[in-house]
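Enquirer: Encoded as structure tokens, here's the structure I'll be asking about.
What follows is calculated from the coordinates using simple rules that are stated; it is not laboratory data. All values derive from a computational prediction rather than experimental measurement. Neighbour counts run over all protein chains shown; Cβ positions are idealised from the backbone, glycine included.
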Amino acid sequence: MVENKLRGNDRLLSLSQIDDKAPLSSTGLIDRRLFTGEQKLHALMDDQTNLWHFRYDARGKLPPELDSQTFTTYSALLKFATEYFSKRNIKVAEVL
């Protein structure tokens, strides 16, 4: 799991394919631009509610499993993202 000492409310999750295998998705909603750098996945904390959520940098729709989730802590969000993507041959390589 990626550990992180950042204190900001916007953290960029860098994703990579595991062993260069094709990402798995039954719905086809894994955005291939996540691996080329054209699309970025952000973990954001809402200043009003203090809840963490996911957001894409550019156009595109988040998979429903990511779009509908909110988390009370960043570590809970990172754990969910790590488990969600590992089931799809994707790993959270780095947090920026």
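Enquirer: For the range 39-95, with the dipole built from +1 on Lys and Arg beta-carbon atoms and -1 on Asp and Glu ones, taken about the Cα centre, which of I90, A76, P63 lies farthest toward the positive end?
Expert: Toward the positive end, the furthest listed residue is I90.
Enquirer: Follow-up. Mind checking the dipole of the range 26-96: about its Cα centre, +1 per Lys or Arg Cβ, -1 per Asp or Glu Cβ, Debye to the nearest 20? Before the final figure, lay out each step's value.
Expert: Working: 10 positive and 9 negative charges, 61 e Å.
My answer is approximately 300 debye.
Enquirer: Do you know the relative contact order of the range 10-95, to the nearest whole percent, from alpha carbon pairs under 8 angstrom that are 6+ apart? Intermediate results must be reported in sequence, preceding the final value.
Expert: Details: 130 pairs, mean separation 32.4, N = 86.
Relative contact order, the range 10-95: 38 percent.
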